[in-house]
1. Only one of these is closer than 26 Å to B:PRO85 by Cβ, outside any loop (DSSP other than H, G, I, E, B), within 14 Å of chain B (Cβ to nearest Cβ) and in contact with a strand residue (DSSP E or B) (Cβ under 7 Å, 6 or more places away or on another chain): A:LEU15, A:LEU58. Name it.
2. Test of understanding: among A:LEU55, A:LEU104, A:LEU94, which residue is within 14 Å of the chain's Cα centre (by Cα) and more than 8 Å from DNA strand C (Cβ to nearest atom)?
3. Checking A:PRO95 against (1) assigned to a loop (DSSP other than H, G, I, E, B); (2) open to solvent by 60 Å² or more (accessible area, probe 1.4 Å); (3) in contact with a helix residue (DSSP H, G or I) (Cβ under 8 Å, 6 or more places away or on another chain), which test does it fail?
4. Look at B:VAL41 and say whether it is buried (at least 17 other Cβ atoms within 10 Å of the Cβ), away from chain A (no Cβ under 14 Å) and more than 11 Å from the chain's Cα centre (by Cα).
5. Among the numbered conditions (1) more than 11 Å from DNA strand C (Cβ to nearest atom); (2) touching an Asp or Glu at 6+ places or on another chain (Cβ under 7 Å), tell me where B:ASN81 comes up short.
6. Mind checking whether some residue in region A:20-32 is within 14 Å of another protein chain (Cβ to nearest Cβ), open to solvent by less than 20 Å² (accessible area, probe 1.4 Å) and acidic (Asp, Glu)?
7. Cβ-Cβ below 6 Å, separation at least six or inter-chain, first residue in region A:71-88 and in a loop (DSSP other than H, G, I, E, B), second open to solvent by 20 Å² or more (accessible area, probe 1.4 Å) and not β-branched (Val, Ile, Thr): which pairs?
Protein chains: 2
Amino acid sequence: MPQTSVEIVKASVVLKLLGDKTRLTIMKLIDNQACCVCEFVEIFQTSQPSISQHLRKLKDIGLVKEERRGQWIFYSVDKGNEYYPFIKPILDQLPNQEYKLKELEEKGTRISCC
Amino acid sequence: MPQTSVEIVKASVVLKLLGDKTRLTIMKLIDNQACCVCEFVEIFQTSQPSISQHLRKLKDIGLVKEERRGQWIFYSVDKGNEYYPFIKPILDQLPNQEYKLKELEEKGTRISCC
DNA sequence: TTAGTATATAACTATCTACTTATATAATCA
DNA sequence: TGATTATATAAGTAGATAGTTATATACTAA
């Protein structure tokens, strides 16, 4: 089976986006489930605009997609994106991050929406 | 066969390094051969200090190794590095960059050392 | 409609990054 | 030895980046 190939400048743009621990953790988290913005704010203990801006960058090149459910917006990895086959092996080598959601539940700070 | 796993903060550091088109192209080029600094300077049409600084960053986290041969220093990917299994699938999905060396030969600007 | 909640965007700022120029180090060769 | 070549390092700078605060937008529910 021939390897897929990604133009090298585009690849570097994608890798730069993944080269941030917040964005990389987000991508791993939502590779198998949708999460809403407020969860990320809790998990990363940072401001809501900061998370929004990270998500915006991921969305701009199509790595993630959003889905509004009432007043919440859920984000998940867009597996139909042209770069998904490129980043999949990267995500697969990262340790599962779902424990971060579990910690929120245990602390009781997991927001109502999720 | 269980997947290897790379701590997520370390992974983001490695990906940030690869998230630069010059460094990413260098990594792809030297995944299967050693190249000396002057070749990179020709290929990327940039200054020698700029290349040296990119190579320094790659060397600092162990992605590449150097080998002096007389007055020249050859760089190649350190396949024994702990992160190599992590980055290998990335490099494998990039188009071969050897044509850049061929272009140097055809232009006659490939330096004597190489 | 008004108040409250969730999210996005704008503007600003501190820090980081990649480059430049200048200089230092190291090897070769006459 | 001194001149030349290859590479590294230092210092400075312009532009990029990630965060902040303030505000706008969008939805829900009373």
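1. Step by step, each of A:LEU15, A:LEU58 is checked, and only A:LEU58 is closer than 26 Å to B:PRO85 by Cβ, outside any loop (DSSP other than H, G, I, E, B), within 14 Å of chain B (Cβ to nearest Cβ) and in contact with a strand residue (DSSP E or B) (Cβ under 7 Å, 6 or more places away or on another chain).
2. Exactly one of A:LEU55, A:LEU104, A:LEU94 is within 14 Å of the chain's Cα centre (by Cα) and more than 8 Å from DNA strand C (Cβ to nearest atom), namely A:LEU94.
3. Every listed condition holds for A:PRO95 apart from (2).
4. The answer is yes for B:VAL41.
5. With (1) more than 11 Å from DNA strand C (Cβ to nearest atom); (2) touching an Asp or Glu at 6+ places or on another chain (Cβ under 7 Å) applied to B:ASN81, the lone miss is (2).
6. Yes, region A:20-32 has at least one match.
7. Correct list of pairs: A:ASP78/A:LYS65.
The values are calculated or read from the model by the stated rules, or taken from the named source; none is laboratory data. Note that the structure is a prediction, hence the values are computed from the model and not measured. In this analysis, Cβ positions are derived from the backbone assuming ideal geometry, glycine residues included, and neighbour counts consider all displayed protein chains. All accessible areas refer to the heavy atoms of the entire protein, side chains included, with ligands and DNA or RNA removed. Shrake-Rupley method; radii C 1.70, N 1.55, O 1.52, S 1.80 Å.
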